[in-house]
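One structure is given here, and the rest of the page talks about it.
The values are calculated or read from the model by the stated rules, or taken from the named source; none is laboratory data. Not measured: the values here are computed from a predicted model. A quick note on method: Cβ atoms are made from the backbone with ideal geometry, for glycine too, and the neighbour counts reach across all protein chains shown. Ligands, DNA and RNA are stripped out before the accessible areas are found, and what is left, the full protein with its side chains, is counted by its heavy atoms. Shrake-Rupley method; radii C 1.70, N 1.55, O 1.52, S 1.80 Å.
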Amino acid sequence: MSTDAFEKLSSEAFELYLSTSIPYLEQLPTCLEFYRNFVAQNRPVIIRNAFASWPALSKWDIEYFRQHYGTKDVTVTVTPNGYADAVTDGHFVLPLEKVMPMNQFLCSLENPVENRVHYIQKQNSNLTEEFPELIADSADEIEWVSTLFGAKPDAVNFWMGDGRAITSMHKDPYENMYCVVAGHKDFILHPPTDQPWIPYVNYPTAVYQEVDGELKIIPEGDGAIPWIDIDPLNPDYDKYPKYKNARQIHCRVHKGEMLYLPSMWFHHVRQSHGCIAVNYWYDMQYDIKYNYFEFVKDLISADV
């Protein structure tokens, strides 16, 4: 019975307010329009020319960072396969973090090495904490979005990396404003109503460490974390047959475009080589939508 109810929940979402394609806005909406049409409906949208005044759009590339910040120390994640914060060999594995001069990181982008994928992706508001000098070319908040949510972002993150780097399927408790400054990002999205078909499993935790010149998975003891071990590019339907019921929404976010990714949406992300982006995490409202999400999660657990 619950499977039928879950199927109805998912199908009605697409019948009533969702689409298998992401809508575009050609100009900035008013706060009221954006809240009414997208935030309140928990519905993604891409806004073109959303940050056209940023100097970063004409400045930021490999050569610019080499000339202006080549000796600056930056925190870089390193993995052998491009998957950081992902399930590998039965473990939820965190990447190796290394501090290196920006020049060394840029060389790794221009001359990629097999089994070494470098990515600036530290999600600790690294734009404001590690790269404050870049704020002059971008912004430490999106003013109209801060006005809408009544708060500044919890974190502002700078991303730059290898085209082999992939962000595994997950969700975040944030309203995410994702701005692509160079290159493009490819997203595969699932709305919260697809939750019944997306498998969470508890995995023991581990980290990548360098051992004898190779990256090895080192278990971290008794810890475990629930994560999604599904590759939406090549789903294993034998292992996860329910995923056949989910509906993938694909979108490409180009240079100069901003994706509004609503809270609790599942997403998987790829990128062009050398892609540069800045995203803003605004804390979600823990309102009735969150209650419904947790209620469905409890029903899923009871149905297993």
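Descriptive notes on the structure:
- Total residues in region 127-142 satisfying the condition of being in contact with an Asp or Glu (Cβ under 9 Å, 6 or more places away or on another chain) and hydroxyl-bearing (Ser, Thr, Tyr): the figure is 1.
Rundown of residues vs (1) among the hydrophobic types (A, V, I, L, M, F, W, C); (2) at pLDDT 95 or above; (3) closer than 29 Å to residue 225 by Cα, yes/no style:
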position: 151; (1), (2), (3): yes, yes, no
position: 158; (1), (2), (3): yes, yes, yes
position: 164; (1), (2), (3): no, yes, yes
position: 167; (1), (2), (3): no, yes, yes
position: 170; (1), (2), (3): no, yes, yes
position: 174; (1), (2), (3): no, yes, yes
position: 183; (1), (2), (3): no, yes, no
position: 188; (1), (2), (3): yes, yes, yes
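- Residue match in region 281-296 (condition: within 26 Å of residue 143 (Cα to Cα), open to solvent by less than 20 Å² (accessible area, probe 1.4 Å) and aromatic (Phe, Trp, Tyr)): yes
- Members of region 197-207 that are open to solvent by less than 50 Å² (accessible area, probe 1.4 Å) and hydrophobic (A, V, I, L, M, F, W, C): 197, 198, 206, 207
- One residue from 176, 202 being closer than 21 Å to residue 125 by Cβ and not in a loop (DSSP other than H, G, I, E, B): 176
Here's the yes/no breakdown for (1) more than 22 Å from the chain's Cα centre (by Cα); (2) not small (Gly, Ala, Ser):
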residue: 213; (1), (2): yes, no
residue: 225; (1), (2): no, yes
residue: 239; (1), (2): yes, yes
residue: 244; (1), (2): yes, yes
residue: 273; (1), (2): no, yes
residue: 299; (1), (2): yes, yes
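- Neighbours by Cβ (under 6 Å, 6+ apart or cross-chain): first from region 36-63, free of Cβ contacts under 8 Å to residues at least 60 places away in the same chain; second assigned to a loop (DSSP other than H, G, I, E, B) and open to solvent by 50 Å² or more (accessible area, probe 1.4 Å): 41/17
- Per the conditions (1) touching a Gly at 6+ places or on another chain (Cβ under 6 Å); (2) over 30 Å from residue 286 (Cα atoms), the sole criterion not satisfied by residue 166 is (2).
- Scanning region 88-123 for residues that are closer than 23 Å to residue 217 by Cβ and part of a loop (DSSP other than H, G, I, E, B) yields 89, 90, 95, 112, 114, 115, 121, 122, 123.
- In region 221-255, the residues that are in contact with a helix residue (DSSP H, G or I) (Cβ under 7 Å, 6 or more places away or on another chain), of a type outside the set (Lys, Arg) and not in a loop (DSSP other than H, G, I, E, B): 243, 245
- Taken over region 133-182, residues that are among the basic types (Lys, Arg), over 18 Å from the mean Cα position of the chain (by Cα) and closer than 26 Å to residue 65 by Cα amount to 0.
- Hits in region 20-35 (condition: aromatic (Phe, Trp, Tyr), open to solvent by 70 Å² or more (accessible area, probe 1.4 Å) and in contact (Cβ under 8 Å) with a residue 60 or more places away in the chain): 35
- Of the candidates 128, 75, the single residue that is assigned to a strand (DSSP E or B) and within 28 Å of residue 263 (Cβ to Cβ) is 75.
- Restricted to region 208-263, and to residues there that are under 17 Å from residue 194 (Cα atoms) and hydrophobic (A, V, I, L, M, F, W, C), the residue that is surrounded by the most Cβ atoms within 10 Å (Cβ to Cβ) is 261.
- Qualifying residue in region 262-273 (condition: aliphatic (A, V, I, L, M), touching a Phe, Trp or Tyr at 6+ places or on another chain (Cβ under 7 Å) and at positive phi): yes
- In the set (1) assigned to a loop (DSSP other than H, G, I, E, B); (2) surrounded by fewer than 17 Cβ atoms within 10 Å (Cβ to Cβ); (3) of a type in the set (Gly, Ala, Ser), the condition left unmet by residue 139 is number (2).
- Residue match in region 269-276 (condition: of a type outside the set (Gly, Ala, Ser), in contact (Cβ under 8 Å) with a residue 60 or more places away in the chain and open to solvent by 50 Å² or more (accessible area, probe 1.4 Å)): yes
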